[in-house]
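Each value in this text was obtained by applying a stated rule to the coordinates, not by laboratory testing. None of these values were measured; they are calculated from a predicted model. Ideal geometry is used to build each Cβ from the backbone, glycine not excepted, and the neighbour counts take in all protein chains shown.
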Amino acid sequence: MVTSITSDAVRERCAHCPGRSHSICNVIDDDELPILVAESARVQVAKGRAFIEEGTPAHEFYVLTEGRVKLFNLLPDGRRQIAGFAECGDFLGLAAVDSYAFSAEAICDVTLCRFSHSGIDRLTQRFPHLEHRLRDEASRELTIMQRRLVLLGRKTARERLATFLIEQSLPPCCAAPDLLEKEEKPIKIKLLMSRTDIADYLGMTIETVSRTLGVFKKEKLITVQGVTAVTLLAPHRLRAIAEGNG
């Protein structure tokens with residue numbers, strides 16, 4: 001029952017949630033948060049663990065509130081295609097009907113809010129704006145899918161990697177790379193995924209990914225510190241490459 005949700009529980013679960021400002025939950029006012037908490041459960045998943053398996057019944061939705069997740073499909077011969085990388089605020093499972101169309105695995109330790117189908121139905125009935133927000137999320141997913149088709153079907157290896165780096169520098173829940181059109185200052189990003197994951201996502205070999213990163217370093221487009229830290233020294237030039245103009 002909603003009345004059993006204490007104010008402390010609400011503050012812990014929602015009021016200071018890193019993903020609240022840009023997840024589907026941002027249409028629910030603070031004083032209505034007990035209802036949201038009552039219809040969800042906090043789930044923590046350790047690095048390397050899967051919490052969605054392709055083809056299994058889709059009984060639940062997830063909002064990623066902390067960490068990063070890779071979404072992928074397995075081909076019959078065992079090859080893997082990474083469909084995307086989810087981040088804080090992303091809603092997972094929206095397109096599922098009877099079964100999940102992808103698997104989801106934690107890249108690092110992650111925290112999620114889990115909702116049942118019936119719980120989401122009750123929330124959308126209580127909060128009409130939430131249904132509109134879910135439609136916006138579905139539209140965003142379609143836009144991302146269309147961009148990905150272009151990425152894999154028409155772009156060169158150089159253009160693909162530049163696109164990926166620009167994508168990783170965008171604000172959470174943003175599907176529009178043109179936000180960086182006028183950005184000229186260096187941007188620091190953290191690539192928590194492995195080079196193999198990046199290669200699977202871009203439809204390239206790991207050797208090509210490493211070689212292209214090396215070329216970008218020589219051209220003073222990026223610097224790489226350790227395994228995960230990358231600085232985009234010239235975001236505007238990388239964006240031009242991503243669009244086929246560099």
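A few comments on the model shown:
- Spin-label model distance (nm) - residue 145 vs residue 194, 7 Å beyond Cα toward Cβ: 2.9 nm
- Amide H contacts of residue 109 (H built 1.01 Å from N, in plane; Pro and chain starts excluded): 47 sit under 5 Å, all sequence-distant by 5 or more or on other chains.
- Segment 156-242: C-alpha gyration tensor shape, a/c 1.5 cut-off, then a/b vs b/c: rounded
- Signed unit charges on C-beta, dipole axis of segment 156-242, positive-most listed residue 163, 206, 223: 223
- Two-site FRET efficiency, residue 131 against residue 101, from Cβ-Cβ distance with R₀ of 25 Å, rounded to 0.05: 0.70
- Set of aspartates and glutamates near residue 70 by C-alpha distance (under 16 Å), chain-local residues within fewer than 8 positions excluded: 53, 54, 87, 90, 105, 109, 141, 167, 197, 200
- Sequence-distant residues sharing a close amide H with residue 83 (under 5 Å, placed H): 71, 72, 73
- If R0 is 30 Å, the Cβ-Cβ spacing of residue 229 and residue 79 corresponds to a FRET efficiency of close to 0.50.
- Taking 17 Å as the straight-line reach from the Cα of residue 185, the lysines in range (excluding those fewer than 8 positions away in the same chain) are 217, 220.
- Rough spin-label spacing in nm, given labels placed 7 Å along Cα→Cβ, for residue 219 and residue 122: 5.4 nm
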